[in-house]
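Report on the following structure.
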Amino acid sequence: MQLNNAFTFYAQAMPGLEPITWQEIQHTSPTARLLGFRRYRRQNGLVLFEYRDDPAGLLRLRTAEDVFYLTDHASTVTPDRAGLQSLSQRMVQSRFFDVGLQVHRQGRRGRQRGRTRFRVVSRMQGRGPAYRRAALRRAVEQGVLNRYNRKWRRVDDDADLEIWATLLEREFLCGIRLSDRTMRHRSYKQAHSPASLRPTVAAAMVWLSRPQPDDVFVDPMCGAGTILAERALMGPYKRIVGGDLDDNAVVTGRANVGPLADDIELRQWNAEALPLPNGSVDKAVVNLPFGQRHGSHRHNRSLYRRVFAEIRRVLRPAARLVALTGEQRLVEQILAAEPGLVLQKTWRLSLLGTPASIYVIDKRAAR
Ligand SMILES: C[S@@+](CC[C@H](N)C(=O)[O-])C[C@H]1O[C@@H](n2cnc3c(N)ncnc32)[C@H](O)[C@@H]1O
């Protein structure tokens, strides 16, 4: 089955969070149509979709790590040398390659002169092919060179254009990368702290909090301030407050969020005793210490109980908590013992290979 037409794109999300990226895409274009999800190892979740609006909207997605235009798709490639040859040939014949180039150029007006300097990134998953990843890369490169003859040049770095060739078992996806590294790394992240969260995951957590313009939003363990920054960038709010036990984290957080929005409040505090009144918070979003780089599992047992009780106290009735952690069993025990907090949904994800969960929890509404 041929999947692509002139309007087919794909976004790369954190594995496990593909449906959130899809929700965000639909938010930018209600006519977008989902074509499917795919996984590349445990590193990437791919969201394939048809999109007929201005692709510039896709570059503003906050939960996606990268966005591509799909230039070619084959649902079955034979795992032998003949299959590899056919991929090279497909590069020459692809009907949508030129459309992809146009889309790519629109996003980077006036930046390219002379011969196009291109780079191919190849990825392979699954057993079967009688060749290696480098052979896949060379086959695609050769196909592109044959297509554009002498006008293009292959480079290793500083390319004008990146072509990503992905073989998932027998399925082949080829895309032109529309985003650059600022999409996933964000330009605001100047200062780093250990265990700092990936901005796209922070954005997904903020998305799950369902941001509203009258939100009082709190991150009680804010570290480098990634969650606070993503909340500020996702839309209007009434108040954003964050804090951390560690003075250095507060300094780092301030350096990151200060240039974005000067009304974000940052404090040194203990999340076990927040200096906030009862029922004063609409959304609490937190990346808890996993007990690996920060603290220990033993310490977490008491810390988590106190922090969850404190968050319940400061949330207004029916308000929302979104919490990320690798301590699944501990959170489940705490929720079982906390009738005031109702688990709505658990999102399982993989953070650079480490299993983690995002819990979406609502405080019980007042009767
Ligand atoms: C996993 S990190 C959060 C990282 C943050 N989301 C970021 O992107 O940088 C957990 C943070 O909790 C803080 N922390 C640990 N115990 C705390 C407590 N009792 N009160 C407040 N912060 C605490 C640590 O200093 C650390 O910065």
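The values are calculated or read from the model by the stated rules, or taken from the named source; none is laboratory data. Values in this document were obtained by computation on a predicted structure and should not be read as measured data. All Cβ positions, glycine included, derive from the backbone under ideal geometry; neighbour counts span all protein chains shown.
Numbers for the structure displayed
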| quantity | calculated |
| --- | --- |
| Counted residues, the range 1-37 - those being over 20 Å from TRP347 (Cβ atoms), among the aliphatic types (A, V, I, L, M) and touching a helix residue (DSSP H, G or I) at 6+ places or on another chain (Cβ under 6 Å) | 2 |
| The range 255-284, residues that are more than 25 Å from the chain's Cα centre (by Cα) and polar (S, T, N, Q) | GLN268, ASN270, ASN278, SER280 |
| Test: residue in the range 135-147 that is touching an Asp or Glu at 6+ places or on another chain (Cβ under 6 Å) and either among the hydrophobic types (A, V, I, L, M, F, W, C) or more than 16 Å from the ligand (Cβ to nearest atom) (or both) | no |
| The range 45-78, residues that are in contact with a strand residue (DSSP E or B) (Cβ under 6 Å, 6 or more places away or on another chain), of a type outside the set (A, V, I, L, M) and surrounded by 20 or more Cβ atoms within 10 Å (Cβ to Cβ) | GLY45, PHE49, TYR51, GLU65, ASP66, PHE68, TYR69, THR71, ASP72, HIS73 |
| Residues within the range 54-75 that are in contact with a helix residue (DSSP H, G or I) (Cβ under 9 Å, 6 or more places away or on another chain) and assigned to a loop (DSSP other than H, G, I, E, B), tallied | 6 |
| Among the candidates VAL250, VAL285, residue that is in contact with a strand residue (DSSP E or B) (Cβ under 6 Å, 6 or more places away or on another chain), at pLDDT 95 or above and farther than 24 Å from ASP214 by Cα | VAL250 |
| Residue that is out of contact with any Lys or Arg (no Cβ under 7 Å at 6 or more places or on another chain), basic (Lys, Arg), more than 16 Å from the ligand (Cβ to nearest atom) and at pLDDT 95 or above, where the choices are ARG132, ARG170, ARG239, ARG150 | ARG239 |
| Subset tally (residues that are among the hydrophobic types (A, V, I, L, M, F, W, C), surrounded by fewer than 18 Cβ atoms within 10 Å (Cβ to Cβ) and within 12 Å of the ligand (Cβ to nearest atom)) for the range 268-317 | 1 |
| Residues that are of a type in the set (Val, Ile, Thr) and at pLDDT 95 or above, drawn from the range 325-367 | THR325, VAL331, ILE334, VAL342, THR346, ILE358, VAL360, ILE361 |
| Residues of the range 242-259 classified as more than 14 Å from the ligand (Cβ to nearest atom) and in contact with a Phe, Trp or Tyr (Cβ under 8 Å, 6 or more places away or on another chain), total | 1 |
| Subset tally (residues that are surrounded by fewer than 24 Cβ atoms within 10 Å (Cβ to Cβ) and within 15 Å of the ligand (Cβ to nearest atom)) for the range 225-236 | 2 |
| Qualifying positions in the range 76-95 - touching a Pro at 6+ places or on another chain (Cβ under 8 Å) and in a helix (DSSP H, G or I) | GLY83, LEU84 |
| Candidate set from the range 1-44 (those that are of a type in the set (D, E, K, R) and in contact (Cβ under 8 Å) with a residue 24 or more places away in the chain); member that is surrounded by the fewest Cβ atoms within 10 Å (Cβ to Cβ) | ARG41 |
